[in-house]
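Just below is one structure, and these are the notes that go with it.
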Amino acid sequence: MTTETTPIQFRMVRYPHAGQVDGVWAMTRDALPELREDEVMVRISHLSVDPGMRGWITPKRSYMPPVQPGEVMRAFGVGEVVESRSERFKVGDWVTGFTGVQTLANLPANGLRAIRPDLAPPQLFLSGLGMTGYTAYFGVTDIGRPQPGETMVVSAAAGAVGAIACQVGRIQGARVVGIAGGAEKRAFLLEELKVDAAIDYKAGDVAQQLAMAAPDGIDVYFDNVGGEILDAALGQINRHGRIVVCGGISQYGDMDLVRGPSNYLQLIAQSARMQGFTMRDYIDRVPEAFMALAGWRAAGKLMFREHIVKGIERFPEAFDMLFAGANNGKLLIEV
Ligand SMILES: NC(=O)c1ccc[n+]([C@@H]2O[C@H](COP(=O)([O-])OP(=O)(O)OC[C@H]3O[C@@H](n4cnc5c(N)ncnc54)[C@H](OP(=O)(O)O)[C@@H]3O)[C@@H](O)[C@H]2O)c1
């Protein structure tokens, strides 16, 4: 046995009702059962807080089954193995996977992947060198496929996936236009990410701002938000343009009232394509994404911004931050 303090878990005790997440979470302090064969006990150091969690607590058909009431909330995490009954990992190894929102967990070893904290800080395997980075990489290079000189527009561009998508787009030679909320995020896009133009969607009509920022139209639109911004982008999509449907956070508030794009007939008029995806499609190509992202980072072409909230007790507050735009970069909890 290890000398751990009592573990903390965050459980989803009921599904949100009419978009309200109040009363959805409960913090528990349940001791762990005995470790079973092929399991490892992991002391979790960092958790990823993702907009996709909103879908995981919605009892609807999706790419993963919903979390069941009473279960520990699903989350990606990284941590250190403190006890092992698996041949795959030994005590002291660092791993990543679905750890759940908890401080300490007994996890099946076959659901975990080894990480190398000697190569990069462990939380980077949840942000730029993890699923966030891979999502941006495949969304841009495999679905959007911007060609040199083409215009690529990215929404939620100052966020985790968006900021990496902007930079990968520039590396591919595209002219990149970022959209984010507020003057500070707009300045970050221009000064730190070095996008070619940036729009503050809270500062005025998005269609008008887009027409100015992308005078030659939009060849690739990397969509993280859906709603009115997607409609504005559809209105200016070029012939044979590509819309990468990565997310639709403006619609996550009430999953029973999701509104589709009203401007979708532009896809016909412009022979344009709109394609969704999840990382499930690319699991076999993770090493390719890792090598590319790590290489660009080492070459100084790619930066990752992280927003770290300290203390697992702040999980409900951190979750709400995503929907209020209160995060600056990849939102993580340092457990
Ligand atoms: N397909 C996949 O496999 C996959 C994987 C990961 C993430 N995603 C999706 O990618 C998107 C971004 O995720 P992330 O982890 O990178 O989060 P993030 O961008 O770091 O954080 C979410 C951001 O969304 C913006 N936002 C919130 N409400 C909005 C609204 N009503 N209208 C416009 N913007 C709004 C906020 O930025 P502002 O301050 O700029 O408004 C907020 O900071 C999400 O839609 C997520 O579901 C998809």
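The values are calculated or read from the model by the stated rules, or taken from the named source; none is laboratory data. Source: prediction; values computed, not measured. FYI the Cβ positions are ideal-geometry reconstructions off the backbone, even for glycines, and counts take in every protein chain you see.
Tabulated values for the structure
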read-out: Criterion (in contact (Cβ under 8 Å) with a residue 24 or more places away in the chain, crowded, with 24+ Cβ neighbours inside 10 Å and either in contact with a Ser or Thr (Cβ under 9 Å, 6 or more places away or on another chain) or under 19 Å from Lys301 (Cα atoms) (or both)) met by exactly one of Gly149, Gly144, Gly133; value: Gly133
read-out: Residue in segment 268-276 that is under 27 Å from Gly130 (Cα atoms), at pLDDT 95 or above and out of contact with any strand residue (DSSP E or B) (no Cβ under 6 Å at 6 or more places or on another chain) present; value: yes
read-out: Filter result (in contact (Cβ under 8 Å) with a residue 40 or more places away in the chain, outside any loop (DSSP other than H, G, I, E, B) and among the hydrophobic types (A, V, I, L, M, F, W, C)) within segment 65-100; value: Val72, Phe76, Val78, Val81, Val82, Val95
read-out: Positions within segment 277-313 being of a type in the set (A, V, I, L, M, F, W, C) and closer than 13 Å to Gly130 by Cα, in sequence order; value: Met279, Ile283, Val286, Ala289, Phe290, Met291, Ala292, Leu293, Ala294, Phe304
read-out: Positions within segment 233-278 being aromatic (Phe, Trp, Tyr) and more than 13 Å from the ligand (Cβ to nearest atom), in sequence order; value: Tyr264
read-out: Selection within segment 51-64 - surrounded by 16 or more Cβ atoms within 10 Å (Cβ to Cβ) and free of Cβ contacts under 8 Å to residues at least 40 places away in the same chain; value: Trp56
read-out: Filter result (hydrophobic (A, V, I, L, M, F, W, C) and either within 12 Å of the ligand (Cβ to nearest atom) or crowded, with 23+ Cβ neighbours inside 10 Å (or both)) within segment 195-213; value: Val195, Ala198, Ile199, Ala203, Val206, Leu210
read-out: Cβ-Cβ under 8 Å pairs, at least 6 apart or on other chains, segment 198-212 side more than 14 Å from Ala157 (Cβ to Cβ), far side surrounded by fewer than 19 Cβ atoms within 10 Å (Cβ to Cβ) and not β-branched (Val, Ile, Thr); value: Ala203/Ala183; Ala207/Gly235
read-out: Matching strands (runs of 3 or more DSSP E) fully within segment 152-234 where at least 3 residues are over 20 Å from the mean Cα position of the chain (by Cα); value: 197-200
read-out: Considering residues of segment 166-188 that are near the ligand (Cβ under 9 Å from one of its atoms) and aliphatic (A, V, I, L, M) only, the residue surrounded by the fewest Cβ atoms within 10 Å (Cβ to Cβ); value: Ala180
read-out: Residue check, Tyr282 among the hydroxyl-bearing types (Ser, Thr, Tyr), closer than 20 Å to Ile171 by Cβ and at pLDDT 95 or above; value: yes
read-out: Segment 279-302: number of residues that are within 16 Å of the ligand (Cβ to nearest atom), surrounded by 15 or more Cβ atoms within 10 Å (Cβ to Cβ) and either aliphatic (A, V, I, L, M) or not in a helix (DSSP H, G or I) (or both); value: 5
read-out: So Arg43, is it charged (D, E, K, R), in contact with a strand residue (DSSP E or B) (Cβ under 8 Å, 6 or more places away or on another chain), within 30 Å of Glu87 (Cα to Cα) and not in a loop (DSSP other than H, G, I, E, B); value: yes
read-out: Residue check for Pro316: in a helix (DSSP H, G or I), over 17 Å from Thr141 (Cα atoms) and more than 15 Å from the ligand (Cβ to nearest atom); value: yes
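Residue-by-condition table, conditions (1) free of Cβ contacts under 8 Å to residues at least 24 places away in the same chain; (2) among the acidic types (Asp, Glu); (3) surrounded by 19 or more Cβ atoms within 10 Å (Cβ to Cβ):
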residue: Pro7; (1), (2), (3): no, no, yes
residue: Phe10; (1), (2), (3): no, no, yes
residue: Arg14; (1), (2), (3): no, no, no
residue: Gln20; (1), (2), (3): yes, no, no
residue: Gly23; (1), (2), (3): yes, no, no
residue: Arg29; (1), (2), (3): yes, no, no
residue: Ser45; (1), (2), (3): no, no, yes
